[in-house]
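The values are calculated or read from the model by the stated rules, or taken from the named source; none is laboratory data. Keep in mind that what you see is a predicted model, and the values were worked out from it rather than measured. Backbone-built Cβ (ideal geometry, glycine too); neighbour counts: all protein chains shown.
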Amino acid sequence: MNERPKFRFVSADRRVREDRRFVAGMGKYVGDIAEAGMLHVAIVHAPYTAAKIVSFDASRALAMPGVVAVVEGEELSTNVEPLMNGLDTPKVQRYPLAVKHVRYNGEWVAAVVAQTRAQAEDAAECVDVEYEPLPFVIDAEEAYRPSSPPVHAAHGSNVLLDRTFNWGEIDEDFAASDHQLSLRVTWGRSSTVPLETFGVVAMWDPWAEVMDVRASIQMPKYADQIARAMRLPGNAVRVHYDIDVGGSYGVKRGIKHTVLACYLSMKLKQPVRLIEDRLENMSSGDAHGPDRIFDIDAAFNRDGIVRSMKMRALDNAGAYAGRAPFQLGKPIGAIVGPYKINSVRYHAVSVTSNKAVQEAVRGFGQSPTNYAIETMMDRVAEHLGMDRVEIRRRNFIRADEFPYLIPSGTRYDSGDYHTVVDKVMKHVDWPAFVAERDRLRANGAYAGIGIAACLEPSGGNSSFEPLLNPANTTTTWMESCRINVDALGNITATIHTTSSGQGHETLASTVIGEVLEFDPDSIRIVRTDSLTSLPGNSPVGSRMAVMLGGSCYLAANKLKKKLKAIAAHQFDCAPEDVDYVQGVLRAKDGRTLKWAEMVNIAHRNFHLLPEDCEPGLEVTNVYQVPTGTDLPTADGRVQMYPCHSFEFHCILVTIDPDTGKVDIPRYVIGHDCGTVINPHIVKGMTLGGIAHGLGAALMEEFVYDGEGQMMAQSFMDYLLPSSHEVPQVEIVHHCTPSPFTVMGQKGSGESGYLGAPAAISGAVNDAVRSLGIRFNRLPMRMTAISDAIAEAKSKQSN
Amino acid sequence: MKITLHVNAGERTVDVEPRTTLLDCLRDELRLTGAHSGCEHGVCGACTVLIDGEPARSCLMFAPQAEGYEITTVEAMSPAPGELGIIQDAFCAAHGMQCGYCTPGMILTAHALLKHNPSPTRAEIVEAISGNLCRCTGYGQIVEAIELAAQRLRGANTEAAR
Ligand code: FES
Ligand code: FES
């Protein structure tokens, strides 16, 4: 299975076609759109963490130059439907603007529309709102208590989800194990924070009765959600997919922004543009990530085999439900990581609080979960005095055990974890690597090694939806491709989504070129809009290599089949007896039909077509996720994503004891995502993911003070890793093709990010172990590290 | 107020409010949308342009303050429509980007660096781009792109000197 299949274009060192427009400054982002008569929106934000809106007066604002309208929540809520919740929690209603109550500091209270953004901003400051402060809750543990003030009184409590899954004989496994230990780790609230904030331009055409939407969006079923909220037919919303998105990594799902802009455009019969400023993006763009406390009990044997795990994950969803609770569900598909843990109890709790709203963040909850699992593995190793690499080796699923069914119901497709680790160990020269750490320590430095082994579930379906919300029976999660060969013989394919840097045009052209044996550069890729598109679910869940790649592959093969049928009719033979080589159709007896001849027959010679053959050369494919077609079982088992990429991080850090600054002189990652379609893209994803993981581990957090005020007001307080912080990364490649996908490919869109926080945490803890310090919380910011070291040292000297 | 800006070797007169930033002026008035807005408070570098050849943050400057300076935006980096300059081509060869949002700023910063220092070390490249945030790439391929561009520019210069 480890033989790399031979490809011409797939896996080859080929350029990413999207790059040309970006280096010229010719990307087309939502902020670049300028429609005639376009109006601009500024937002009025709530200055309270929880409050009742007592009065609202926009008269001063309306009198200001350029101001066209001011809209508040009451008006909006009578004209649009509430935004969709993931769970069946109908009393947790969310509208783009606060209705009667504000539930977090910064929440949107009103929209001011003016001729220019500056005018709108000036007027927003003159909207007079009176509030009556209410009790609030910030902390998740507190919110979980029945005595806490409910964020949504009608819902009755702050609990959105409280569910325990028992997979396997947990109590028996615990009783039969030699050892047990418990730990708690906390994942602080951060996000992907793309450089481009969210933006949308909505344009209601009252003559065509169509809402045209251009947005920096990455969201499944975006057009449907707009139509539902706006009470429009689905075919009255046209989302344009030819907008370049300036980074997303999950969070660009500005449905509240979009519904608001659509409403304003419909009301004012003019194009309306709403673009977040940076503060808005961070405080109230509703795009924060998981905010989670893990409590783990592990049961393991003397030899290091972990038999069972109990995990409670308590997540602070923020003020509205959204899709946050599902971020507790997706990790169920890899809840045992790459290990053969026999049984698992998983207690997933999601609570509302008076913090900003969560959105999907890269990995959809997997990176925090991997951090928890990997910390557990480190603790087990420490408890037993065992090497951290060895303990992982002992627990890994073996290459010959795939497909491997984990207790929670997912069958892992393939992997060869031992070989990847061996390759990395060889690459770093493990004894020398350890010796280097010890040399640094001998010279007085705080140096540590971090290890993390984890999975990237990919090819996203949404099995967590029916699992956590029985009212939702979705098992379909398709992606599509359409290929057309024009009358001159040139190939054009369509894709049906926006992209935010993943290189989907390159992906599609490479795969189609591979199958049809045409230079991918000769294949044009175009993007449709939602009215002309085939069904799809957008690039979430690390799914496009698997799903768009799969659909392009199948569509191209369908085209080939049609060509063979047409050729067979000319040759008077069976289609199986026709060969296709680089666009030429060949009969067994040596007769050939060239591409141009085939195109001519298909487009112009109906009399030469076989019966029931449609003229032209156009094919479509709608591809369902491989595996993952069943609803969950009664005991809560389900096949989550079909494919599982593997990554193994091995890093060396040093810590400056005075400043607490962590340096990473060596960062090595072993990566196996099956067949790679474009090596540049996969490399970029991995390096970018590690940088993002470094941010989550050491720098980034949306800190709230006790009053519910979000403290990160700018890029000065919310620190993104710069080129100074991000280490040079060495990648060790391995390829274990997936048996479930068309070319053996798996996903890589979340690679690096899924293991970097765990590895960095492990390394920092290794570095300060001699001081008796243990960091149980991310991010480990410089101040936290330097304070802990100073405290430990002063204790030691006393 | 009416101001005249020297942009990409041409003169442009625009009528703006005095508080208009150079970034907004370039994007909204001159429709040069290659400079991007990432933070509008001087941290991210997405709005980088060259002012008399040096990288500067166009979000921190008011448009009237830019009068009298030579302003260069990413749009001037292409020798002709559809053609890539050496640095741009190197960014494509190394895939020094993903979403492209930080890319114009990175290219202009690289341009200024390589003009001063044709043979930068890795550390010098890292230093030069440290004021330009990229959320996508982790910088690895951007550094490689600039190394490649430096190498090619040196080659091109030697050839031109012959
Ligand atoms: S937009 Fe100017 S530095 Fe960020
Ligand atoms: S390429 Fe997306 S921010 Fe740099």
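Here is how the numbers come out for the structure above:
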{"quantity": "Residue tally, condition within 16 Å of ligand 2 (Cβ to nearest atom) and small (G, A, S), over the stretch B:114-162", "calculated": "6"}
{"quantity": "Residues within the stretch A:573-595 that are under 17 Å from A:G513 (Cα atoms) and either in a helix (DSSP H, G or I) or not assigned by TED's automatic domain parsing to the domain that holds A:K561 (or both), tallied", "calculated": "1"}
{"quantity": "All positions within the stretch A:443-464 that are touching a Lys or Arg at 6+ places or on another chain (Cβ under 7 Å) and surrounded by fewer than 24 Cβ atoms within 10 Å (Cβ to Cβ)", "calculated": "A:A447, A:I449"}
{"quantity": "Breaking point among (1) over 30 Å from A:I681 (Cα atoms); (2) away from ligand 1 (no atom under 16 Å from the Cβ), for B:H95", "calculated": "(1)"}
{"quantity": "Qualifying positions in the stretch B:46-72 - hydroxyl-bearing (S, T, Y) and away from ligand 1 (no atom under 11 Å from the Cβ)", "calculated": "B:Y69, B:T72"}
{"quantity": "Sole exception among (1) part of a strand (DSSP E or B); (2) within 21 Å of the chain's Cα centre (by Cα); (3) not assigned by TED's automatic domain parsing to the domain that holds A:I789 for A:F648, by number", "calculated": "(3)"}
{"quantity": "Wholly enclosed helices (runs of 4 or more DSSP H) of the stretch A:430-544 bearing at least 3 residues within 14 Å of chain B (Cβ to nearest Cβ), without any contact (Cβ under 8 Å) to a residue 24 or more places away in the chain and closer than 27 Å to A:V213 by Cα", "calculated": "none"}
{"quantity": "Qualifying residues in the stretch A:127-146 (those that are part of a loop (DSSP other than H, G, I, E, B) and β-branched (V, I, T)) - the one surrounded by the fewest Cβ atoms within 10 Å (Cβ to Cβ)", "calculated": "A:I138"}
{"quantity": "Positions within the stretch A:160-176 being over 32 Å from the mean Cα position of the chain (by Cα) and crowded, with 18+ Cβ neighbours inside 10 Å, in sequence order", "calculated": "A:D173, A:F174"}
{"quantity": "Which listed residue, of A:P665, A:P615, A:P610, is within 14 Å of chain B (Cβ to nearest Cβ) and surrounded by fewer than 15 Cβ atoms within 10 Å (Cβ to Cβ)", "calculated": "A:P665"}
{"quantity": "Hey, A:V344 more than 19 Å from the chain's Cα centre (by Cα) and not in a loop (DSSP other than H, G, I, E, B) or not", "calculated": "yes"}
{"quantity": "Residue check for B:A66: away from ligand 2 (no atom under 15 Å from the Cβ), of a type in the set (G, A, S), surrounded by fewer than 20 Cβ atoms within 10 Å (Cβ to Cβ) and outside the structural domain of B:C136 (by TED's automatic domain parsing)", "calculated": "no"}
{"quantity": "Number of the exception - A:V185 against (1) assigned by TED's automatic domain parsing to the domain that holds A:K267; (2) surrounded by 18 or more Cβ atoms within 10 Å (Cβ to Cβ)", "calculated": "(1)"}
{"quantity": "Any hit, the stretch A:278-287, residues being away from ligand 1 (no atom under 16 Å from the Cβ), more than 14 Å from chain B (Cβ to nearest Cβ) and more than 22 Å from the chain's Cα centre (by Cα)", "calculated": "no"}
{"quantity": "Qualifying residue in the stretch A:172-193 (condition: in contact with a Ser or Thr (Cβ under 8 Å, 6 or more places away or on another chain), in a loop (DSSP other than H, G, I, E, B) and over 30 Å from A:M219 (Cα atoms))", "calculated": "yes"}
{"quantity": "Lone qualifier among A:G385, A:G409 - being at positive phi and touching a Ser or Thr at 6+ places or on another chain (Cβ under 8 Å)", "calculated": "A:G409"}
{"quantity": "Any hit, the stretch B:73-88, residues being within 8 Å of another protein chain (Cβ to nearest Cβ), of a type in the set (G, A, S) and more than 16 Å from ligand 1 (Cβ to nearest atom)", "calculated": "yes"}
{"quantity": "Residue match in the stretch B:76-96 (condition: part of a loop (DSSP other than H, G, I, E, B), surrounded by 15 or more Cβ atoms within 10 Å (Cβ to Cβ), within 14 Å of ligand 2 (Cβ to nearest atom) and over 16 Å from the mean Cα position of the chain (by Cα))", "calculated": "yes"}
{"quantity": "Options B:A46, B:A56; residue that is part of a loop (DSSP other than H, G, I, E, B) and either within 14 Å of the chain's Cα centre (by Cα) or away from ligand 2 (no atom under 16 Å from the Cβ) (or both)", "calculated": "B:A46"}
{"quantity": "Residues satisfying the stated conditions in the stretch B:11-41, i.e. more than 9 Å from every other protein chain (Cβ to nearest Cβ) and either within 21 Å of A:Y29 (Cα to Cα) or surrounded by fewer than 17 Cβ atoms within 10 Å (Cβ to Cβ) (or both)", "calculated": "B:E11, B:R12, B:T13, B:D15, B:P18, B:T21, B:L22, B:L23, B:C25, B:L26, B:E29, B:L30"}
{"quantity": "Filter pass, B:L108 being away from ligand 2 (no atom under 16 Å from the Cβ), buried (at least 24 other Cβ atoms within 10 Å of the Cβ) and assigned to a helix (DSSP H, G or I)", "calculated": "no"}
{"quantity": "Single unsatisfied condition, A:V251 versus (1) more than 19 Å from the chain's Cα centre (by Cα); (2) in a loop (DSSP other than H, G, I, E, B)", "calculated": "(1)"}
{"quantity": "Residue list for the stretch A:402-427, restricted to those being surrounded by 21 or more Cβ atoms within 10 Å (Cβ to Cβ) and aliphatic (A, V, I, L, M)", "calculated": "A:I406, A:V420, A:V421, A:V424"}
{"quantity": "Flag if B:V49 is more than 8 Å from chain A (Cβ to nearest Cβ), surrounded by fewer than 24 Cβ atoms within 10 Å (Cβ to Cβ), among the hydrophobic types (A, V, I, L, M, F, W, C) and in contact (Cβ under 8 Å) with a residue 12 or more places away in the chain", "calculated": "no"}
{"quantity": "Pick from the stretch A:682-731, criterion among the hydroxyl-bearing types (S, T, Y) and within 7 Å of chain B (Cβ to nearest Cβ), ranking: surrounded by the fewest Cβ atoms within 10 Å (Cβ to Cβ)", "calculated": "A:S714"}
{"quantity": "Members of the stretch B:124-144 found to be away from ligand 1 (no atom under 16 Å from the Cβ), facing chain A (nearest Cβ under 9 Å) and either over 22 Å from A:E196 (Cα atoms) or not in a loop (DSSP other than H, G, I, E, B) (or both), listed by number", "calculated": "B:I125, B:V126, B:E127, B:G140, B:Q141, B:I142, B:V143"}
{"quantity": "Flag if A:L617 is out of contact with any helix residue (DSSP H, G or I) (no Cβ under 6 Å at 6 or more places or on another chain), at pLDDT 95 or above and aliphatic (A, V, I, L, M)", "calculated": "no"}
{"quantity": "The stretch B:89-118 residues that are more than 10 Å from chain A (Cβ to nearest Cβ), paired with ones that are more than 16 Å from ligand 1 (Cβ to nearest atom) and hydroxyl-bearing (S, T, Y) (beta carbon under 8 Å, 6 or more apart)", "calculated": "none"}
